[in-house]
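> Have a look at the structure that comes next, please.
The values are calculated or read from the model by the stated rules, or taken from the named source; none is laboratory data. On a predicted model such as this, the values are computed, not experimentally measured, just so you know. No Cβ is skipped: glycine too gets one built from the backbone with ideal geometry, and neighbour counts run over all protein chains shown. For accessibility, only protein heavy atoms count, side chains too; no ligands or nucleic acids. Shrake-Rupley method; radii C 1.70, N 1.55, O 1.52, S 1.80 Å.
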Amino acid sequence: MLKSWGERWRQGAGYDGLLQQTTTATRETAQLLQAGRGAEAARTGAEAVRLARRLAQLDEGRGREFLVKALALHAFGLGEAGRHDASATVAEEAVTLARELDPKVGPLADVLAVAAHRFLAVGRVDEALTMSREVIALTEHKPAAEIAAHLGTLAVTLAESGWPVEALAVSERSLSARRAAVAEQQPGSRFKYGNALASHANRLYAVGRWEEAAEHSAEAVDVLGEPGGAERAIRWEKLARALSNQSIFLAKVGRYDEADRAAEEAVTTSRKLAEVQPWQRPRLAFALQKYGVRLVTQDRMAEAREVCGEALQLYRELSAAEPAAFRGNLAKSVSDYAVVVADPAEALPFATEAVVLRQELVAGNRAVELPGLAMSLSNLARLQAALGRLDEALATGEDSLTTIREAAEANPAAHLCRYSSFLQQQAKRLDDADRTKEARVVGKKAIEAARRAVAEHRESNRLELADALEAQARRLNGNAAKAMVREARRLRSE
């Protein structure tokens, strides 16, 4: 009986060669991702997927496994390169194929974890959360150390979905598993523990446990700064990120000098990283941006302008080379630079540019980019008001409210507090325009939004409600105003 062409080709060098090419392309994609080279990983991942599809045509069983892995890696690479819609589409295909494999030995849990991140990036929050929970269900009978990474993924998903308390509980499980692995002296466990500490600090900060966040962050910095455990550049990248976050936590608890040093050290570490791995310049730009914000809060505006200017120049270069990957960073950097420019007239073009950039981003990824657009519009309104252009400021402020309202309706837990803040800003502009009656109406809406935010999570949002109550009390008289002041004081004293 004559064998098919595929069977004859599979027995010869052609099949073995294709298998080797697929294996190599897949491995190189993983290595590029580990090195933080997202754009290259996306290109190599596309080739790995192309080869794996050919392999699956000849050997469906083995080829399907290769294809699922290649698709998952390619989805990750596309996301790192800023191509979020394409990334989610590829991840969805990977999940569909992975479900057809044996769930006991197949890669479904890992693929679902990748897909959860990719879906978050395009605003498919409910699906991301469902997938993250499925990952835990699939791996719940495995040793704790094996599911620690998946628990971490679920914690991030919950946090970005607007569920900080549940995210913290899951993060505690992940951290406990990592700590146990260190006690058992498992290879590489110390470095993973440092990463888990850094992530857990973020979760603590989100629920208002700022002192604990600072403590965990300090331990994370110590662990990640230890030699060994990971390749030098990888350690530097994680350490720089942890230091940038630590500066935020320290400032929140009034340890300003330490916060400044942490932010400055993050820049120093990131410079070393960018010198040995030029493709890590985004890490340097990020650290500079955070340090600039730190300097602004210390009223060191001349230094802040220099630092934010360097970050902005880096992001302009990065965005010119890879627009999809860095347009969002550029928009944030332009907004920050507008804040550090002392003259409102000089700052206005930067704030306007930020709005234009954000509008372009919203056109491609509305669900995720709306909050950023709302913030840029709010910044523009602030500058217009500072220049005495109140009518324009009120119109821009209304646009910011419309934008953030849409985001808050889609994800109340994540965006109600900011919606209240923007309402307060608009009410203040109405006060300045002597439109007191309208200011009271908007101020009332700010209180209502803040109350809803407090219902979602009291500790994180109670101060926003206090601000809204005090601002509205200044517009009123008599017992109503006094009651608002008393309530605001109670909230601040909790």
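> Only one of Leu401, Leu463 is open to solvent by 60 Å² or more (accessible area, probe 1.4 Å), touching a residue at least 12 places away in the same chain (Cβ under 8 Å), of a type in the set (A, V, I, L, M) and in a helix (DSSP H, G or I). Can you tell me which?
On the way: Leu401 fails: open to solvent by 60 Å² or more (accessible area, probe 1.4 Å).
Of the residues listed, the single one that is open to solvent by 60 Å² or more (accessible area, probe 1.4 Å), touching a residue at least 12 places away in the same chain (Cβ under 8 Å), of a type in the set (A, V, I, L, M) and in a helix (DSSP H, G or I) is Leu463.
> Quick one: in the stretch 404-427, which of the residues that are among the charged types (D, E, K, R) and in contact (Cβ under 8 Å) with a residue 24 or more places away in the chain is most open to solvent (accessible area, probe 1.4 Å)?
Filtering the stretch 404-427 down to residues among the charged types (D, E, K, R) leaves 405-406, 409, 418.
Filter once more, keeping what is in contact (Cβ under 8 Å) with a residue 24 or more places away in the chain: 406, 418.
On the way: Glu406: 70, Arg418: 97 Å².
Top of the filtered list is Arg418.
> Determine which member of the set Leu430, Leu476, Leu469 is closer than 30 Å to Ala159 by Cβ and among the aliphatic types (A, V, I, L, M). Even if it seems obvious, please write down each step before you answer.
Values: Leu430 fails: closer than 30 Å to Ala159 by Cβ; Leu476 fails: closer than 30 Å to Ala159 by Cβ.
Answer to the selection: Leu469.
> Let me ask something else. Residues Gly152, Gly229, Gly123, Gly194: which one is buried (at least 17 other Cβ atoms within 10 Å of the Cβ), modelled with pLDDT under 85 and either of a type in the set (Val, Ile, Thr) or within 29 Å of Ser87 (Cα to Cα) (or both)?
Working: Gly152 fails: modelled with pLDDT under 85; Gly229 fails: either of a type in the set (Val, Ile, Thr) or within 29 Å of Ser87 (Cα to Cα) (or both); Gly194 fails: modelled with pLDDT under 85.
That would be Gly123, the only listed residue that is buried (at least 17 other Cβ atoms within 10 Å of the Cβ), modelled with pLDDT under 85 and either of a type in the set (Val, Ile, Thr) or within 29 Å of Ser87 (Cα to Cα) (or both).
> Could you say whether any residue in the stretch 422-434 is assigned to a helix (DSSP H, G or I) and under 20 Å from the mean Cα position of the chain (by Cα)?
Pass one, the stretch 422-434, residues assigned to a helix (DSSP H, G or I): 422-432.
Add one more test, that the residue is under 20 Å from the mean Cα position of the chain (by Cα), and what stays is none.
There is no residue in the stretch 422-434 that is assigned to a helix (DSSP H, G or I) and under 20 Å from the mean Cα position of the chain (by Cα).
> Ok, one more. With the checklist (1) out of contact with any His (no Cβ under 9 Å at 6 or more places or on another chain); (2) in a helix (DSSP H, G or I) in hand, flag the one item Ala413 doesn't pass.
Of the numbered conditions (1) out of contact with any His (no Cβ under 9 Å at 6 or more places or on another chain); (2) in a helix (DSSP H, G or I), the odd one out for Ala413 is (1).
> OK, next. List pairs: first in the stretch 359-385 and in contact (Cβ under 8 Å) with a residue 12 or more places away in the chain, second of a type in the set (Phe, Trp, Tyr) and assigned to a helix (DSSP H, G or I), Cβ under 8 Å, 6+ apart or cross-chain?
Every condition considered, the pairs that remain are Ala374/Phe422; Ser378/Phe422.
> Can you work out which of the residues in the stretch 232-255 that are open to solvent by 20 Å² or more (accessible area, probe 1.4 Å) and in contact (Cβ under 8 Å) with a residue 60 or more places away in the chain is nearest to Leu32 (Cα to Cα)?
Ile234
> Still on this model: In the stretch 121-178, how many are free of Cβ contacts under 8 Å to residues at least 60 places away in the same chain, in contact with a helix residue (DSSP H, G or I) (Cβ under 6 Å, 6 or more places away or on another chain) and within 18 Å of Arg209 (Cβ to Cβ)?
11
> Name every residue in the stretch 475-494 that is loosely packed, with under 13 Cβ neighbours inside 10 Å and more than 36 Å from the chain's Cα centre (by Cα), in order of residue number.
Asn477, Gly478, Asn479, Ala480, Lys482, Arg486
> Under 6 Å between Cβ atoms, at least 6 apart or on separate chains: pull out the pairs that start in the stretch 256-279 with a residue that is under 25 Å from Glu215 (Cα atoms) and end on any residue that is not in a helix (DSSP H, G or I).
none
> Out of all the residues in the stretch 302-315, is one or more surrounded by 15 or more Cβ atoms within 10 Å (Cβ to Cβ), farther than 22 Å from Asp260 by Cα and not aliphatic (A, V, I, L, M)?
Yes, the stretch 302-315 has at least one match.
> In the stretch 275-309, which residues are among the hydrophobic types (A, V, I, L, M, F, W, C) and over 21 Å from the mean Cα position of the chain (by Cα)? Please lay out each step first, then the result.
As a first pass, look at the stretch 275-309 and keep what is among the hydrophobic types (A, V, I, L, M, F, W, C): 276, 279, 284-288, 293, 295-296, 301-302, 304, 307-308.
Of everything in the stretch 275-309, those that are among the hydrophobic types (A, V, I, L, M, F, W, C) and over 21 Å from the mean Cα position of the chain (by Cα) turn out to be Val276, Leu295, Val296, Met301, Ala302, Ala304, Val307.
> Next question, about the same structure. Determine whether Leu58 is open to solvent by less than 10 Å² (accessible area, probe 1.4 Å) and farther than 22 Å from Arg99 by Cβ. Please lay out each step first, then the result.
On the way: open to solvent by less than 10 Å² (accessible area, probe 1.4 Å): no; farther than 22 Å from Arg99 by Cβ: yes.
Here the answer is no, as Leu58 does not meet what is asked.
> Quick check on my filter: what residues within the stretch 337-367 are under 22 Å from Ala285 (Cα atoms) and of a type in the set (Val, Ile, Thr)?
Correct list: Val339, Val340, Val341, Thr352, Val355, Val356.
> So is Leu491 touching a helix residue (DSSP H, G or I) at 6+ places or on another chain (Cβ under 8 Å) and part of a loop (DSSP other than H, G, I, E, B) or not?
Numbers: touching a helix residue (DSSP H, G or I) at 6+ places or on another chain (Cβ under 8 Å): yes; part of a loop (DSSP other than H, G, I, E, B): no.
Taking the combined requirement at face value, the residue does not satisfy it.
> Please enumerate the residues belonging to the stretch 342-354 that are buried (at least 21 other Cβ atoms within 10 Å of the Cβ) and not aromatic (Phe, Trp, Tyr).
Our first condition is that a residue be buried (at least 21 other Cβ atoms within 10 Å of the Cβ); within the stretch 342-354, this holds for 347, 350-351, 354.
Across the stretch 342-354, the qualifying residues are Ala347, Ala351, Ala354.
> Can you tell me which of Ser270, Ser174 is touching a His at 6+ places or on another chain (Cβ under 9 Å) and either part of a loop (DSSP other than H, G, I, E, B) or among the polar types (S, T, N, Q) (or both)? Spell out how you get there, then give the answer.
Numbers: Ser270 fails: touching a His at 6+ places or on another chain (Cβ under 9 Å).
Just one listed residue meets the conditions, Ser174.
> Next up: So if I check each of Gln289, Gln280, which one is polar (S, T, N, Q), closer than 21 Å to Ala331 by Cα and at pLDDT below 90? It would help to see each step written out before you state the result.
Details: Gln289 fails: at pLDDT below 90.
On inspection, the qualifying residue turns out to be Gln280.
> Ok, one more. Out of everything in the stretch 91-106 that is part of a loop (DSSP other than H, G, I, E, B) and open to solvent by less than 40 Å² (accessible area, probe 1.4 Å), what residue ends up being modelled with the lowest pLDDT? Please lay out each step first, then the result.
Taking the stretch 91-106 and keeping what is part of a loop (DSSP other than H, G, I, E, B), we get 99-106.
Restricting the remaining residues to those that are open to solvent by less than 40 Å² (accessible area, probe 1.4 Å) gives 101, 106.
On the way: Leu101: 84, Gly106: 66.
So, considering only residues that are part of a loop (DSSP other than H, G, I, E, B) and open to solvent by less than 40 Å² (accessible area, probe 1.4 Å), the one modelled with the lowest pLDDT is Gly106.
> In the stretch 207-219, is there at least one residue being out of contact with any Asp or Glu (no Cβ under 6 Å at 6 or more places or on another chain), surrounded by fewer than 17 Cβ atoms within 10 Å (Cβ to Cβ), part of a helix (DSSP H, G or I) and not acidic (Asp, Glu)?
No: zero hits.
> Can you confirm whether the stretch 124-146 contains a residue that is in a loop (DSSP other than H, G, I, E, B), at positive phi and not hydrophobic (A, V, I, L, M, F, W, C)? Outline the logic, then answer.
If we filter the stretch 124-146 for residues that are in a loop (DSSP other than H, G, I, E, B), which is where we start, we get 124, 140-143.
From what is left, the residues that are at positive phi are none.
Scanning the stretch 124-146, I find no residue that is in a loop (DSSP other than H, G, I, E, B), at positive phi and not hydrophobic (A, V, I, L, M, F, W, C), so the answer is no.
> Looking at the structure I just gave you, is Ala320 in a helix (DSSP H, G or I) and in contact with a His (Cβ under 9 Å, 6 or more places away or on another chain)?
Details: in a helix (DSSP H, G or I): yes; in contact with a His (Cβ under 9 Å, 6 or more places away or on another chain): no.
Spelling it out, it is not the case that Ala320 is in a helix (DSSP H, G or I) and in contact with a His (Cβ under 9 Å, 6 or more places away or on another chain).
> Something else: Against the condition touching a Cys at 6+ places or on another chain (Cβ under 7 Å), in a helix (DSSP H, G or I) and free of Cβ contacts under 8 Å to residues at least 60 places away in the same chain, how does Tyr337 come out, does it pass? Full working, then the answer.
Values: touching a Cys at 6+ places or on another chain (Cβ under 7 Å): yes; in a helix (DSSP H, G or I): yes; free of Cβ contacts under 8 Å to residues at least 60 places away in the same chain: yes.
Yes.
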